[in-house]
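Peer 1: Can you read through this structure? Questions will come right after.
The values are calculated or read from the model by the stated rules, or taken from the named source; none is laboratory data. Computed from a predicted structure; not experimentally measured. Here the Cβ is made from the backbone with ideal geometry for all residues, glycine too, and neighbour counts use every protein chain on show. The protein model used for the area step is the full one, side chains on, heavy atoms only, and it has no ligands, DNA or RNA in it. Shrake-Rupley method; radii C 1.70, N 1.55, O 1.52, S 1.80 Å.
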Amino acid sequence: MTRSDLVEELANRFSQLTHRDAEHAVKTILDALGDALVRGHRIEIRGFGSFSINHRPPRMGRNPRSGESVAIPSKRVPHFKPGKALREAVDKRTEELGQDPK
């Protein structure tokens, strides 16, 4: 699902919202989530999951083309952990569709 799909779904579910209002709502929510993560906050949405920041320490990597060692600096990366309800819903739905979990 893309951002525009999310806007369409919101506009379709709530007929009182115009497409522009739905687009503004989605943008506002995503901006708020991003800003909170940038500030280092943890975001928890009950029944869906939580977003947090993981710290990756510096390490030595290898350039695959030349084979030489490359220093990779430390970084902070966003991490999503699905909630129990979401994990179970996805698992149940994939079983219903007969899809291989791999």
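Peer 1: Being within 24 Å of ARG76 (Cβ to Cβ), free of Cβ contacts under 8 Å to residues at least 60 places away in the same chain and surrounded by 15 or more Cβ atoms within 10 Å (Cβ to Cβ) narrows it down to one residue among GLY40, GLY49; which is it?
Peer 2: Within the list GLY40, GLY49, the selection yields GLY49.
Peer 1: Let me ask something else about it. Taking segment 14-26 on its own, how many of its residues are within 19 Å of the chain's Cα centre (by Cα) and assigned to a loop (DSSP other than H, G, I, E, B)?
Peer 2: Selection size over segment 14-26: 0.
Peer 1: If you don't mind, another one. Among the residues of segment 1-13, count how many are open to solvent by 90 Å² or more (accessible area, probe 1.4 Å) and assigned to a loop (DSSP other than H, G, I, E, B).
Peer 2: 1
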